[in-house]
Amino acid sequence: MDEKQIKTLKDKVEDYRRFAYILLSLGIFLFIGILIPNDSGTAIEPSHFIIAVFIMLGASIFFHRKATYYQKLVNNDGEIE
């Protein structure tokens, strides 16, 4: 691989890790919002928040795996075992 491809892969690793951390943080934030008692009677059901938490965590895992895959590509100089 040439330097340009390696730099592109490193940028992808960095971006996917950021996506994973942001989605993980958002999922945790929504989960904490479920735990805090609320007496005001919002229009959104807690089940919608739970679904959103699982979607955020699933997307976070997906992006983390993509980052790991591209990191292996960078470490092995473009060859996957």
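Details
- Restricting attention to the range 2-30, the residues being modelled with pLDDT under 90 and either under 26 Å from PRO46 (Cβ atoms) or among the hydroxyl-bearing types (Ser, Thr, Tyr) (or both) number 1.
- Residues in the range 3-13 that are open to solvent by 80 Å² or more (accessible area, probe 1.4 Å) and free of Cβ contacts under 8 Å to residues at least 24 places away in the same chain: GLU3, LYS4, LYS7.
The values are calculated or read from the model by the stated rules, or taken from the named source; none is laboratory data. Just so it is clear, the structure is predicted and the values come from calculations on it, not from any experiment. Glycine gets a Cβ as well: all are built from the backbone with ideal geometry, and neighbour counts include every protein chain shown. In case anyone asks, the SASA skips ligands and DNA or RNA and just uses the protein heavy atoms, side chains included. Shrake-Rupley method; radii C 1.70, N 1.55, O 1.52, S 1.80 Å.
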